[in-house]
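What follows is one structure encoded as C-alpha cells, with my remarks underneath.
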Amino acid sequence: MSNSFKRIDAHLSALGYCSRSEAAAFLKRHQVSADGIKVTDVKRKVSHASVLVDGKELDPETLTLLMNKPEGVICSHDDAGKLIYGLLPQRWQRRNPKLSTIGRLDSDTTGAILLTDDGALNHKLTSPKSKAPKVYEATLAEPLKGDEAEIFASGTLMLHGEKKALLPAKMEVLSEKKARLEICEGKYHQVKRMFAATGNKVVALHRVSFDGFGVDDLEPAQYKRIAFNI
Ligand code: URA
C-alpha cells in the first residue's frame, strides 16, 4: 500500500469515483475529508489512507477479486457481447488502471476467474513460467475410454498447432462422462483441445479453482475480494 501523496482529483478519478473534470462537483456533492479536514480544493494532496468519502474509507488502491463466472459472459475489454466487467459495480468499472481478468475463460465456461488491477500480479500468473494449478470439471459428449488419465499424465500429448508437448496433467474420473482435470498451464482452449485429442468433446466446462481459490461458496456472477501477496 502506497504512502505517497496524490492530488485528490487524480486519486478519486483513478479509483473510479468521478472523472478528473467532475472532481470539483464531486467534492461539492459529497463529504470528502483528509485527516478529518474537509477537502474542497481539487488540487489538495492527500494520502490514500487519510481520505473518507461520506464517512467511508476509499476503495483499496489495488483490487483483486475472485468471481464465479457465469455462462455467456466474455473475458475481454472490447469484444461485442456481454462482458464480464459489466457484472462489477460501475465505480470499479471506471478504475484506472483497469480491472482485468487473469487469463481468460471461454464464454461458455463457468467458474473461478481472478480479476485484478495489479499488473505485476496479472503478469506473474499469466506468464508461461507460472505453474498456478487450475482445476476443471469437464462434462463430455461420449463416455471416457479409460486411457485419458494416462495420456494427460504422460507429458507427451501434443496439441494441434503447438510446438511443445503439454506438461503432465492429473485427471480423475467423476462419472462415465465427467472428469476432473488439473492443469498447470493455460493454452488456448486447452481443456477442450485435450479431450478432443482423445476423440471426445467437452459439452460443459467449469473451473473449480484457480491457484487454490475455489468458487464453491459463490453463486454464478458473485465475486469477493481476495488478498494475494506476490
Ligand atoms: N480450457 C478450455 O478449453 N476453455 C476454457 O475456458 C478454459 C480452459
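The values are calculated or read from the model by the stated rules, or taken from the named source; none is laboratory data. Because the structure is a prediction, the values reported are computed rather than measured. Because the Cβ atoms are built from the backbone with ideal geometry, glycine has one as well, and the counts that use them run over all protein chains shown. All accessible areas refer to the heavy atoms of the entire protein, side chains included, with ligands and DNA or RNA removed. Shrake-Rupley method; radii C 1.70, N 1.55, O 1.52, S 1.80 Å.
Just a few scattered comments:
- Note on the stretch 77-107: residues that are aliphatic (A, V, I, L, M), open to solvent by 40 Å² or more (accessible area, probe 1.4 Å) and in a loop (DSSP other than H, G, I, E, B) amount to 1.
- For the stretch 31-52, the tally of residues that are in a strand (DSSP E or B) and touching a residue at least 12 places away in the same chain (Cβ under 8 Å) stands at 8.
- Filter result for Ala197 (within 16 Å of the ligand (Cβ to nearest atom), farther than 19 Å from Lys170 by Cβ and in the same structural domain as Phe152 (by TED's automatic domain parsing)): no
- Residue check for His160: open to solvent by 70 Å² or more (accessible area, probe 1.4 Å), away from the ligand (no atom under 13 Å from the Cβ), free of Cβ contacts under 8 Å to residues at least 60 places away in the same chain and within 25 Å of Asp78 (Cβ to Cβ): no
- Ala221 being assigned to a loop (DSSP other than H, G, I, E, B) and open to solvent by less than 50 Å² (accessible area, probe 1.4 Å): yes
- Selection from the stretch 185-201 of residues that are assigned to a loop (DSSP other than H, G, I, E, B) and more than 16 Å from Pro128 (Cα to Cα): Thr198, Gly199, Asn200, Lys201
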